[in-house]
1. Please figure out what share of the DSSP beta bridges in region 20-84 is antiparallel and state it in percent, rounded to the nearest 5.
2. Amide H neighbours of Thr3 under 5 Å, at least 5 residues apart or on other chains, H built in the peptide plane: list them.
3. Kindly work out what percent of the DSSP beta bridges joining two residues of the chain are antiparallel, to the nearest 5.
4. Nearest 500 deg cm²/dmol is fine: what mean residue ellipticity at 222 nm does the chain get from its DSSP H runs of n ≥ 4 alone, each adding -39,500 (n - 2.57), divided by its residue count?
5. Suppose R0 equals 41 Å. What FRET efficiency, 1/(1 + (r/R0)^6) with r the Cβ-Cβ distance, do Asp163 and Ala88 give to the nearest 0.05?
6. Rounded to the nearest 20 Debye, what is the dipole magnitude of the chain about its Cα centre when Lys and Arg each give +1 and Asp and Glu each give -1 at the C-beta?
7. Could you tell me the distance between the Cα centroids of region 56-90 and region 105-177, to the nearest Å?
8. So for the pair Glu48, Ala100, with labels modelled 7 Å out along Cα→Cβ, what separation do we get in nm?
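None of the figures in this text is laboratory data; all of them are computed from the coordinates on show. Quantities reported herein were computed from a predicted structural model and do not represent experimental measurements. Here the Cβ positions follow ideal geometry from the backbone for every residue, glycine too, while neighbour counts run over all protein chains shown.
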Amino acid sequence: MGTLIYLIGPSGSGKDSLLQAARPALEAQGCHIVRRVITRSAEAVGEEAEAVSPEQFDRMEAVGAFAMSWRANGLAYGIPVQINDWLAAGHDVLVNGSRAYLPEARRRYPNMLAILLMVDPAVLRQRLLARGRESVAEIDARLARNGQFQPEGDEDQSLHLLDNSSHFERTVAELLDLIAQQRR
Ligand SMILES: Nc1ncnc2c1ncn2[C@@H]1O[C@H](COP(=O)(O)OP(=O)(O)O)[C@@H](O)[C@H]1O
Ligand SMILES: O=P(O)(O)OC[C@H]1O[C@H](OP(=O)(O)OP(=O)(O)O)[C@H](O)[C@@H]1O
């Protein structure tokens, strides 16, 4: 079996950038980086997700198209069921996950590698504004959502913390190290 790598962190912490930057190195090792299905318009700036309507999403969910799915920020997100074939074939699979969904993801994939990306809160809002994908009201709602999650107080030893407050290239290298360590 391959390992599910479940990357989580606040909106704007750098999950998508990190995933794209690490892509060549990871794909060279046979690791699949998952393209999510999201009810976000295809024109939206950001990751190359498959954009579907809410109705299409519900239909896909009903017929078992997703290995995992959740709703947050007014959107629905699905991880294609094909990841189970990749894992069974011995490939690692990296997904951009949800903190709220972490307990369910762990139930489904007990051996997964969960990585929490963290950014200094003062830096986070600036990054979201600079990214320019959401309105200021949506950005504030996303920041407010972070109050639900208390990473510092997290006693979950199996959650790996990765700081992305400063040098991006260093974060990329640390992510690749973490993944290499769990292979050993
Ligand atoms: N270490 C970093 N230093 C400066 N800017 C960063 C860093 N990491 C990510 N960013 C920028 O922050 C913004 C949010 O990153 P993104 O990857 O979209 O986050 P997420 O997918 O977690 O919401 C993007 O504009 C990205 O270019
Ligand atoms: O439970 P949470 O950890 O808050 O996560 C909720 C959702 O928000 C993020 O997606 P999205 O790509 O829409 O947001 P982001 O790029 O702004 O992180 C993340 O990948 C989850 O799908």
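1. Numbers: 8 of 10 bridges.
Looking only at bridges with both residues in region 20-84, the antiparallel portion is about 80 percent.
2. For Thr3, whose amide H was placed from the backbone, the distant partners under 5 Å are Asp92, Val93.
3. Values: 8 of 25 bridges.
Within the chain, antiparallel bridges account for around 30 percent of the total.
4. Values: 7 runs with 73 residues, N = 184.
Theoretical 222 nm ellipticity from helices: -12000 deg cm²/dmol.
5. Numbers: r = 33 Å, r/R0 = 0.81.
Plugging the Cβ-Cβ distance into 1/(1 + (r/R0)^6) gives 0.75.
6. Details: 20 positive and 24 negative charges, 19 e Å.
The calculation lands at about 80 debye.
7. Region 56-90 and region 105-177 have Cα centres spaced 22 Å from each other.
8. 2.9
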